[in-house]
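Colleague: Provided herewith is a single structure, encoded as structure tokens, for subsequent inquiry.
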Amino acid sequence: MGLLSYIVRKTGIYLLTFFVAVTLNWAIPRLMPGDPIGVLLSRFATLPESSEVVYSYFMRSFGFDRPLWEQYLDFWRALFNGDLGVSIYMYPQKVEDIVLQALPYDLVLIVPAVVVSWIIGNWLGAVAATSRRLDNLLMPLFYFLTSSPYFWMAIVLAWLLTVVFPLFPSSGAYSPGMVPSLSTAFIIDFIKHWTLPFLSLLLVMLGGWAIGMRNLIIYELESNYSRYMEALGAGRRLILSYAFRNAMLPQITGLALQIGLAVAGAITTEIVFSYPGLGFLMLQAIQNQDYFLMQGAFLVIVVMVLVANFVIDLIYAAIDPRIRSAYAGEA
Amino acid sequence: MLLEVRGLRAYYRTLTGYVKAVNGVDLQLGEEILGIVGESGSGKSTLASSIILPKPPLRIVEGEVLFRGERIVAPSDTSGLTRVRYRHISIIPQYAMDSLSPTRKVYKIIKDLARGLGDDVLAKARRRLRRVNLPERVLDMYPVELSGGMKQRTVIVISTLLDPEVLIADEVTSALDVTTQRAVLEMLRDFKDSGIVRSIMIITHDIASVYQVSDTLAIMYAGRIVEHGPAEKVIRDPLHPYAQALISSIPKIGIHYKMQKLKGIPGNPPSLRNPPSGCAFHPRCSRSLDECSSREPRMVSKDGRRVACLLYE
Amino acid sequence: MEQHTVSRTKEFLHHIRRNRKVKAGLALFAAILALAIVGPLFTPYGPLEPTGEAGRPPSLEHPLGTNTFTYDVYAQTVYGLRSSLLIGFLGGLIATVIGILIGLAAGYMGGLVDEFLMMLTNIFLVIPTLALLIVIAAYIEYRGIMIESLIIGLTSWPWTARAVRAQTLSLKNREFVLVARMSGASGLRIMVGEILPNMFSYAIMVFILQFGGAILYAVGLDFLGLGPTKGISLGLILQQAVLWNAIQLGMWWWAIPPGLIIALLLASLYTINTGMDEVLNPRLRRLE
């Protein structure tokens, strides 16, 4: 399998996943017992200018006794026009606008949390693998961290660092009086608000990476190349560095699987800190039965995860000689 | 003597007890090619491990290993090994196919292993690669890019790069086809004849292919050496009943034959957890005496070789 | 054939009993399970029974204090633990069964069936489960524990399917399966009669992880207000606590203990799983 066909194949899978996600998004309200669509549409009937709303492609995709396939096609058409419907809760704002405003807050939380936890976690895991004493000390902690629900970790941090030791603000992305700008004051304020949700994600994810790395290294140290190197008198440090390098590859693949969980973690963590990302938005949507907003947020989350997966695949391809060598063989 | 093994017992510690993989081995290795032959589970690979890499779960229980008269392995002391590994005693491991880390290029592996030995290591590696008919660019390749045979030869080059006095070749031919097996064995012979290495211990279950390159042969059974002597003598006229059964089961010397397929010896190889009392071979032996089940045979000299069998005591 | 399976099971049990991680994990799990079973005996209150005292810190009468609505947090926690365990068990079981069936079918049948099932698996592996669960749960008007377990089970099987497929592929070419095939056994019989028993310990490990995963998903859903519409669960307690600013009001006893129990419960499950992994996979054991 060459690099190009590797990328084509991955892209194919992700496009297909996107297709399935959109179809699910369209189908779920129709598959549910009761009459959710009726409820949904009736909520618009009470709003002013409802006739105008009804004429968007998106609204048309929700029925009016037309054949299902027409509704489905309209759903896709709406999507290609960047039309995700209108929010009830924040009427008359468009869902796509609301969701895109929230997205940066997720990115600024999730990306650093994943990257930093990956680096520190792998490092700590490697340290644990090399020392039996540290292993016995650190592993229970790692297991505890990875077992904690993200939002509970958020609650604990909020209690410790906003109530017991009031060092950080407890809600929002910045102080109410602030206007977003690139001024130092705003940036400091923003970072203060960002720290606790970031730390919650970081701590929970850290445990998982550390456990993974520790197990992988112990596994690699028992491999044949490790034995060979040891038989040829290589020092422990050298063998460890080889094991570490080989353990990195599965950890990069693990990154792809972790993204989905990180997003789930961010959704609930944001709620604890009223951090205005997609998770907080979803809560608003749930509480206000704003289905379009919820589904819009779902789609954006899926796209975000797909893009992240694709990037990780590319990184993997660039790093793993097995994929690279296959590419060289084809060229 | 380059290498001397004295009364060595090496057991594997498992959760359900000891596996007595090497159970009293005496062996001397001079400037020669020694073939160590035995069925799988006879302890021959463990013998190799206990000489160069005795680490848990393998435990040296008794005996010692000397290199040029200096002790390198003893129960609970293997510190002597650090001085001799690679430079003086080296090994071509059993699983050459994954003996090289997949994520490092070959030249990097060589540089790391021969650290502190100067830059000419790579130049030497290039010459050696040519010697085993590999292109120099192997150095710039990842192990995954090499074919099985290329990997095998690369490992041979790496293992012998520092011209060790003693080379242990552990089942180097088992994963290869017949022609390649021959080539690899001849390569080892060439390394010995040209003085790159001074003695080689070839560990194998394939007696038919190894006897042609060996000067001496040692037959192992249940963690012990049962017969040890010049290759010609052992093959032509084996003394120990196990060696006889083993060699007679080869239809025609020179034809490739794997001992795994041996049908000539009735019964199963013994369990190394609870080896039979006395001579471990007695339950399968057609010439066993009454006392074979109670008395352990000693190694005795007979007819220019050493044999451990009560028939000759 | 049977003897082979029996002796392997025996050996497995032998090692399992000596594994420190399995023992520690089981002890912790047993303690939490005991809390769920007998915990309610130690409080006169029901989970949704007003006590008349609001926001009291822990005391002898209320071991974990009371919340804003005067409910006894200890009572809520032990009853909530019951439903969380039940959801974990049912949801985990459903996910495990689906995952094993799909993985087994894909691995054993191969060809187009494999292609199709694995494509499906990979797709659902990438779609974030919690986000999908939110969309599904939001459209269900009356949610009970059964429904919650069902939708969790139906959405969280993919990694199991993939792992079981890999296991099946490695078992498929082992001697005992080949023997069965040569003796003319049908595909279904081989799958059920030969491969499945040999995967039994593996299936238990998968179930343990799915059990924990289902608890986490349920807690997450509850926390978002998409949990059971009636009753109590650990996630619901936390939802209420955050919604009514328990932390800002200094009522740590409302928000921290229920989550701590979840964390300990999951840690016990993961530890058991790791211990089993070490037994089945000797390369993971630390030798010293």
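The values are calculated or read from the model by the stated rules, or taken from the named source; none is laboratory data. As the structure is a prediction and not an experimental result, all values here were calculated from the model. Neighbour counts run over all protein chains shown; Cβ positions are idealised from the backbone, glycine included.
Colleague: Looking at (1) of a type in the set (A, V, I, L, M, F, W, C); (2) buried (at least 20 other Cβ atoms within 10 Å of the Cβ); (3) closer than 23 Å to B:LEU3 by Cβ, can you tell me which one B:LEU246 breaks?
Modeller: Tallying (1) of a type in the set (A, V, I, L, M, F, W, C); (2) buried (at least 20 other Cβ atoms within 10 Å of the Cβ); (3) closer than 23 Å to B:LEU3 by Cβ, B:LEU246 fails exactly one: (3).
Colleague: Separate question: For segment C:195-245, which positions are within 14 Å of chain A (Cβ to nearest Cβ) and not in a helix (DSSP H, G or I)?
Modeller: Within segment C:195-245, C:LEU224, C:GLY225, C:LEU226, C:GLY227, C:THR229, C:SER233, C:TRP244, C:ASN245 qualify.
Colleague: Checking A:PHE151 against (1) of a type in the set (Phe, Trp, Tyr); (2) under 23 Å from A:VAL263 (Cβ atoms); (3) without any contact (Cβ under 8 Å) to a residue 12 or more places away in the chain, only one condition comes out false. Which one?
Modeller: (3)
Colleague: Can you find even one residue in segment B:135-145 that is surrounded by fewer than 19 Cβ atoms within 10 Å (Cβ to Cβ), more than 8 Å from every other protein chain (Cβ to nearest Cβ), closer than 24 Å to B:TYR12 by Cβ and out of contact with any helix residue (DSSP H, G or I) (no Cβ under 7 Å at 6 or more places or on another chain)?
Modeller: No; the residues of segment B:135-145 include none that is surrounded by fewer than 19 Cβ atoms within 10 Å (Cβ to Cβ), more than 8 Å from every other protein chain (Cβ to nearest Cβ), closer than 24 Å to B:TYR12 by Cβ and out of contact with any helix residue (DSSP H, G or I) (no Cβ under 7 Å at 6 or more places or on another chain).
Colleague: Also: Which condition number does A:LEU100 fail, the rest of (1) at pLDDT 90 or above; (2) crowded, with 23+ Cβ neighbours inside 10 Å; (3) among the aliphatic types (A, V, I, L, M); (4) more than 23 Å from A:SER200 (Cβ to Cβ) being met?
Modeller: Only one criterion in (1) at pLDDT 90 or above; (2) crowded, with 23+ Cβ neighbours inside 10 Å; (3) among the aliphatic types (A, V, I, L, M); (4) more than 23 Å from A:SER200 (Cβ to Cβ) is unmet by A:LEU100, namely (2).
Colleague: If A:LEU240 satisfies all but one of (1) under 29 Å from B:ILE51 (Cβ atoms); (2) of a type outside the set (Val, Ile, Thr); (3) more than 8 Å from every other protein chain (Cβ to nearest Cβ); (4) touching a Leu at 6+ places or on another chain (Cβ under 6 Å), what's the number of the condition it fails?
Modeller: (4)
Colleague: Kindly indicate the residue of segment B:77-86 that is part of a loop (DSSP other than H, G, I, E, B) and more than 24 Å from B:GLY223 (Cβ to Cβ) and also farthest from the other protein chains (Cβ to nearest Cβ) among those meeting that condition.
Modeller: The selected residue is B:SER79.
Colleague: Give the residues of segment A:154-173 that are at the interface with another protein chain (Cβ under 8 Å from one of its Cβ atoms) and touching a residue at least 40 places away in the same chain (Cβ under 8 Å), sorted by residue number.
Modeller: Within segment A:154-173, A:ILE155, A:ALA158, A:SER170 meet the criteria.
Colleague: Let me ask another. Mind checking which residues of segment B:58-73 are more than 14 Å from chain C (Cβ to nearest Cβ) and at negative phi?
Modeller: Residues satisfying the conditions are B:ILE60, B:VAL61, B:GLU62, B:GLU64, B:VAL65, B:LEU66, B:PHE67, B:GLU70, B:ARG71, B:ILE72, B:VAL73.
Colleague: Sticking with this structure for a sec: Could you identify the single residue in B:ILE72, B:ILE33, B:ILE60 that is within 15 Å of the chain's Cα centre (by Cα) and either among the β-branched types (Val, Ile, Thr) or within 28 Å of B:GLN152 (Cβ to Cβ) (or both)?
Modeller: Unique residue meeting the criteria: B:ILE33.
Per-residue answers, yes or no, for (1) more than 9 Å from chain A (Cβ to nearest Cβ); (2) in contact with a helix residue (DSSP H, G or I) (Cβ under 6 Å, 6 or more places away or on another chain); (3) charged (D, E, K, R); (4) touching a residue at least 24 places away in the same chain (Cβ under 8 Å):
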| residue | (1), (2), (3), (4) |
| --- | --- |
| B:GLY41 | yes, no, no, yes |
| B:LEU47 | yes, no, no, yes |
| B:ILE52 | no, yes, no, yes |
| B:PRO56 | yes, no, no, yes |
| B:PRO75 | yes, no, no, no |
| B:HIS88 | yes, no, no, yes |
| B:ILE91 | no, yes, no, yes |
| B:PRO102 | no, yes, no, yes |
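Colleague: Additional query: Out of curiosity, is C:GLN248 more than 9 Å from chain A (Cβ to nearest Cβ) and either assigned to a loop (DSSP other than H, G, I, E, B) or surrounded by 17 or more Cβ atoms within 10 Å (Cβ to Cβ) (or both)?
Modeller: no
Colleague: So if I check each of B:LEU272, B:LEU311, which one is more than 30 Å from B:ARG13 (Cα to Cα) and either aliphatic (A, V, I, L, M) or modelled with pLDDT of 90 or more (or both)?
Modeller: The conditions single out B:LEU311.
Colleague: Okay, moving on. What are the residues in segment B:155-171 that are in contact with a Leu (Cβ under 7 Å, 6 or more places away or on another chain) and away from chain A (no Cβ under 12 Å), if any?
Modeller: Listed by number, the residues that qualify are B:VAL157, B:GLU165, B:VAL166, B:ALA169.
Colleague: Name the helices (runs of 4 or more DSSP H) wholly within segment C:62-148 that hold at least 2 residues that are modelled with pLDDT under 95 and within 11 Å of chain A (Cβ to nearest Cβ)?
Modeller: By residue number, C:111-126, C:129-138.
Colleague: With respect to B:SER90, determine if the residue is buried (at least 22 other Cβ atoms within 10 Å of the Cβ), of a type in the set (S, T, N, Q) and part of a strand (DSSP E or B).
Modeller: yes
Colleague: Sticking with this structure for a sec: Identify, from the list A:TYR228, A:TYR219, A:TYR275, the residue that is among the aromatic types (Phe, Trp, Tyr), within 14 Å of chain B (Cβ to nearest Cβ) and crowded, with 24+ Cβ neighbours inside 10 Å.
Modeller: It is A:TYR228.
Colleague: Now, a different point. Scan segment B:155-173 and give yes if some residue there is part of a strand (DSSP E or B), in contact with a Phe, Trp or Tyr (Cβ under 8 Å, 6 or more places away or on another chain) and under 20 Å from B:ARG87 (Cα atoms), otherwise no.
Modeller: yes
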